[in-house]
Amino acid sequence: MDPVYRVSFFKYLLNSTGRPFEVLQASIEVHAPDNDQAIDRARSKFAELEGVASWSLRADYARIELLADRKHVTAPRWSRHHHPRWPLRNSHSHGTGVTRPTRRE
């Protein structure tokens, strides 16, 4: 079985004083043989769950991490942290994976 990665998608926003901060948009777990495939799978799944053509329409960058080797992996999870500007969508959907930090180009 392929390793499990968690990919977390973030958006940069400005607070009322103009200082930037990060907002977690979603965290998706995926099975993939390596980091590159994990980030590709997670980006595709995130875009699908958000109903957009490209993941970068809803997030500015993604962080990826390899989860500890687990013999028994629970059902894949997808979670979205609500922000007033973006309503929750597809909260029933599932995803998988994590790799290295990456920035959108």
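FYI, it's all coordinate maths here, none of it is from the lab. Note that the coordinates shown come from a computational prediction; the quantities given were computed from them, not determined experimentally.
List every residue whose amide H lies under 5 Å from the amide H of Asp60, counting only residues 5 or more places away in sequence or on a different chain, with H placed 1.01 Å from N in the peptide plane.
Phe10, Lys11, Tyr12
At 0.36 nm per residue, minus the direct Cα-Cα distance, what do Asp36 and Asp60 gain on full extension? Give it in nm, one decimal, please.
Extra length from Asp36 to Asp60 when fully extended: 6.9 nm.
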